[in-house]
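Data block below; observations after.
The values are calculated or read from the model by the stated rules, or taken from the named source; none is laboratory data. If you're wondering where the values come from, they're calculated on a predicted model, not measured in any experiment. In this analysis, Cβ positions are derived from the backbone assuming ideal geometry, glycine residues included, and neighbour counts consider all displayed protein chains.
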Amino acid sequence: MLSPFVGQSLGMLTSKENAEDLDALRALVESGSVVPAVDQSYPLRDTDAAIHHVLDDHSRGKIVIEVD
């Protein structure tokens, strides 16, 4: 419905995880071949600061919320 008003189209993304693919990804991360781009980690109590960090366009990677 939005397509006539904006230049972007909206689509759906679905995925199915399987153990073989997750094991392959784990091996790549453990070997250092794939490194997640984590900008900062915040404790759960500072979630508001994490959201503001993202909204202010300061993040250079993913923001992690640590749940103890």
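General remarks:
- Of the residues in segment 49-65, none is among the charged types (D, E, K, R), surrounded by 10 or more Cβ atoms within 10 Å (Cβ to Cβ) and at pLDDT 95 or above.
- Boolean, Asp46 is assigned to a helix (DSSP H, G or I) and at pLDDT 95 or above: yes
- Residue match in segment 33-41 (condition: free of Cβ contacts under 8 Å to residues at least 12 places away in the same chain and in a helix (DSSP H, G or I)): no
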